[in-house]
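The values are calculated or read from the model by the stated rules, or taken from the named source; none is laboratory data. As the structure is a prediction and not an experimental result, all values here were calculated from the model. Note that each Cβ is placed from the backbone with ideal geometry, even for glycine, and that neighbours are counted across all protein chains shown. We work out accessible area using only protein heavy atoms, side chains counted, and drop any ligands, DNA or RNA first. Shrake-Rupley method; radii C 1.70, N 1.55, O 1.52, S 1.80 Å.
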Amino acid sequence: MGEFTDAVHARLRDALAARDPGREWTTEWYVQRTPVDVAGVPDADAPLVLVEVEMRRADPANNPVKLARHAADGAFDRPVALVHLFSDYYALADGGHSSKRENAEFVGGLASDALDGFDYHAVDLALAPPVRGDDPPADWEDAVENAADRVTDRV
């Protein structure tokens, strides 16, 4: 799934750049030694937008934890908006979300409440990531484009 995930990140970067050209959008952006999937760095003092894309991660709560820790340590020179995209892997048949996602959202919400200049937003990425060896879903690019709309709506 590594190549597919890289393709999702690249497509998301390009979609966000088309919607928000006032930021330089990049993949594999680093906060100290911590990589972020997609980042939008503004020209002015606008918030830095960090996007973490969760396809099948066992512990998605780790992403808001480490980025909030960096914010608390003063690693950012401007406000930060963390947008956490969750694939359908974290969706339950009854319409709810897995406890992994709920834990990540809980931690992100705590970080937003505790840290000035740190905002957290959870967003759906409506695609089921392929299992090893399977082809990506035919509509994955549309799902990423729709997610880009939701990201820009949040920030």
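Within the range 77-102, take every residue that is surrounded by fewer than 18 Cβ atoms within 10 Å (Cβ to Cβ) and of a type in the set (A, V, I, L, M, F, W, C) and give me the one that is nearest to Tyr30 (Cα to Cα). The qualifying residue nearest to Tyr30 (Cα to Cα) is Ala91. Just one residue in the set Val107, Val65 is touching a residue at least 40 places away in the same chain (Cβ under 8 Å) and over 14 Å from the mean Cα position of the chain (by Cα); that residue is Val107. Picking from residues in the range 31-79 that are outside any loop (DSSP other than H, G, I, E, B) and of a type in the set (S, T, N, Q), the one that is nearest to Asp119 (Cα to Cα) is Asn63.
For the range 47-58, indicate whether the set of residues that are without any contact (Cβ under 8 Å) to a residue 60 or more places away in the chain, touching a His at 6+ places or on another chain (Cβ under 6 Å) and crowded, with 22+ Cβ neighbours inside 10 Å is non-empty. Yes, there is a match, as at least one residue in the range 47-58 is without any contact (Cβ under 8 Å) to a residue 60 or more places away in the chain, touching a His at 6+ places or on another chain (Cβ under 6 Å) and crowded, with 22+ Cβ neighbours inside 10 Å. The residues in the range 14-30 that are of a type in the set (A, V, I, L, M), surrounded by 18 or more Cβ atoms within 10 Å (Cβ to Cβ) and either touching a Gly at 6+ places or on another chain (Cβ under 9 Å) or at pLDDT below 95 (or both) can be counted, and the count is 1. Scanning the range 118-145 for residues that are open to solvent by 40 Å² or more (accessible area, probe 1.4 Å), without any contact (Cβ under 8 Å) to a residue 60 or more places away in the chain and within 26 Å of Val65 (Cα to Cα) yields His121, Asp124, Ala126, Ala128. Would a scan of the range 80-90 turn up a residue that is part of a loop (DSSP other than H, G, I, E, B) and hydroxyl-bearing (Ser, Thr, Tyr)? Scanning the range 80-90, I find at least one residue that is part of a loop (DSSP other than H, G, I, E, B) and hydroxyl-bearing (Ser, Thr, Tyr), so the answer is yes.
So, Gly108, is that one under 27 Å from Tyr30 (Cβ atoms), small (Gly, Ala, Ser) and out of contact with any Lys or Arg (no Cβ under 8 Å at 6 or more places or on another chain) or not? Yes: the conditions hold for Gly108.
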